[in-house]
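Below is one structure, written out as structure tokens; comments come after it.
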Amino acid sequence: MAEIKQVLVPDIGDYKDVEIIEVMVKAGDKINAEDNLITLETDKAAMDVPSPHAGTIKELKVKVGDKVSQGSVILLLESSDSASTTQAGKTPAAAPSPSVAATAPEQSAVSAKPVAAPVTAAPVLPPVVAGGKAHASPAIRRFARELGVQIAQVKGSGEKGRVTKDDVQNFVKAALAQPRGTGGGSGLQVLAMPVVDFAKFGSIETRPLSRIKKLSGANLHRNWVTIPHITQFDEADITEMEVFRKELNAEYAKQKIKITPLAFMLKAVVVALQKFPEFNASLDAGGENLILKQYFHVGVAVDTPNGLMVPVLRDVDQKGIVQLAKELGEISAKARDLKITAAEMQGGCFSISSLGGIGGTAFTPIINAPELAILGVSRAVIKPMHQDDTFVAKLMLPLSLSYDHRVIDGAEAARFIVFLTQVLADVRRLAL
Ligand code: CAO
């Protein structure tokens, strides 16, 4: 037959009349041994008092704010343990003294056997939560930790702003209810996007995003919010390069190979990557080591009707400009025809995003993680440049280098882009 036991406050040192700051259970609850029952708070420590037995709570004898001492009755428990008393050796707390048991008023009424609960103590942490008054018991802190919640972010609704279990649960519920993509999942404390009924303001059409846009959008969002981006701008004098490019273009037109400035960019970027190996690298998963790559695969952003794709040209260091131009034409056609494979979009070390065929003066490309940098190329324009006390017309190519500031310093990025402009200004350097 089930036995009714009194659960008493155990030995809590020299403390008397200690305030109960939290009651974690209620009558009718089925509990396991070691489940926390109440939290006591002295001026020095908060202590969780766990149950010494499993069973069903028949009656709760305390409430928040009550003052208790060793031997005070916490609750009556219909024990499901087979042993009637299991104090000795099982808990760190002292076994109840017979005198305490004898003075328990409930004992005679229900033939309850008193058992002192063990106690787990934790130092009282400084008050948490804005407002400076809130506390949280060790059990609640542990509960919050298990759910990945920073207790300091939870507003307490308990007495004196104390954080309760309900507060933590409500905090988690609110976080989960945040619309995806608003930063809630990444731990960013940002406002949710407003939900607007646009039809209120005029007629609308709803068009689903393409699968590629959804996929690339999630990646772009992650890269944008997790990588500290800086973008360094410069211009390269490509006047001579353009003369050479046009000659080559005419020469290879019969073979239907179109040589655009991008083929030169690919080659020039690799010369710069060879000189600045930190740009040809990735952080490892732990973010503590740099993986320097000895191969030179470069991704190229391709605008397709279905969205942005970034196929990768392999071993750019081992290929000439004409070969690169040919491969660029082939791979961008494949991307536009949705014939590109996932493997052909993997393994890049660095990316180039060229909007030069369209226009614009500059833009800030988003790094294609786990790469560490990306080069944006805008439309070249003829500009008057000061040279030998006069102004000379030069074809200037705007470049935007976005880089991961966790790894690359601003000075290094400036050196990289200046070197790149020097290579482009004198394409003989591509052969070095
Ligand atoms: N300045 C001036 N003219 C340029 C130029 C530049 N920087 N870059 C290209 N051009 C010219 C080309 O020489 C070509 O001229 P012609 O038609 O007279 O021969 C014309 O612009 C069109 O070039 P293109 O765009 O077809 O070829 P490309 O090699 O420059 O680019 C590709 C290929 C696939 C990168 C491009 O088609 C593309 O998709 N670009 C968009 C990339 C993108 O969306 N980036 C943004 C990503 S979000 O960060």
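Listing for the model above:
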quantity: Set Ala425, Ala362, Ala413: member being within 16 Å of the ligand (Cβ to nearest atom), surrounded by 17 or more Cβ atoms within 10 Å (Cβ to Cβ) and in contact (Cβ under 8 Å) with a residue 24 or more places away in the chain; calculated: Ala425
quantity: In the stretch 253-263, the residues that are over 37 Å from the mean Cα position of the chain (by Cα) and either more than 13 Å from the ligand (Cβ to nearest atom) or not charged (D, E, K, R) (or both); calculated: Ala253, Lys254, Gln255, Ile257, Ile259, Thr260, Pro261
quantity: Every residue from the stretch 237-252 that is more than 10 Å from the ligand (Cβ to nearest atom) and either of a type in the set (A, V, I, L, M) or under 29 Å from Arg415 (Cβ atoms) (or both); calculated: Asp237, Thr239, Glu240, Met241, Val243, Phe244, Leu248, Ala250
quantity: Residue match in the stretch 211-222 (condition: in contact with a Gly (Cβ under 7 Å, 6 or more places away or on another chain), modelled with pLDDT under 95 and more than 21 Å from Ser402 (Cα to Cα)); calculated: yes
quantity: Residue within the stretch 94-113 that is in a loop (DSSP other than H, G, I, E, B), within 30 Å of Val168 (Cβ to Cβ) and either outside the structural domain of Arg162 (by TED's automatic domain parsing) or modelled with pLDDT of 70 or more (or both) present; calculated: no
quantity: Phe276 away from the ligand (no atom under 16 Å from the Cβ), at pLDDT 95 or above and either aromatic (Phe, Trp, Tyr) or not assigned by TED's automatic domain parsing to the domain that holds Asp404 (or both); calculated: yes
quantity: Among (1) farther than 26 Å from Ala281 by Cβ; (2) of a type in the set (A, V, I, L, M); (3) in contact with a Pro (Cβ under 6 Å, 6 or more places away or on another chain), the one test that Met385 misses; calculated: (3)
quantity: Residue identified as of a type in the set (Asp, Glu) and within 15 Å of the ligand (Cβ to nearest atom) among Asp315, Asp337, Asp284; calculated: Asp337
quantity: Sole residue being more than 13 Å from the ligand (Cβ to nearest atom), touching a residue at least 60 places away in the same chain (Cβ under 8 Å), surrounded by 13 or more Cβ atoms within 10 Å (Cβ to Cβ) and of a type in the set (Gly, Ala, Ser), chosen from Ala380, Ala369; calculated: Ala369
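The values are calculated or read from the model by the stated rules, or taken from the named source; none is laboratory data. If you're wondering where the values come from, they're calculated on a predicted model, not measured in any experiment. Counting neighbours? That spans all protein chains shown, and the Cβs are built from the backbone with ideal geometry, glycine included.
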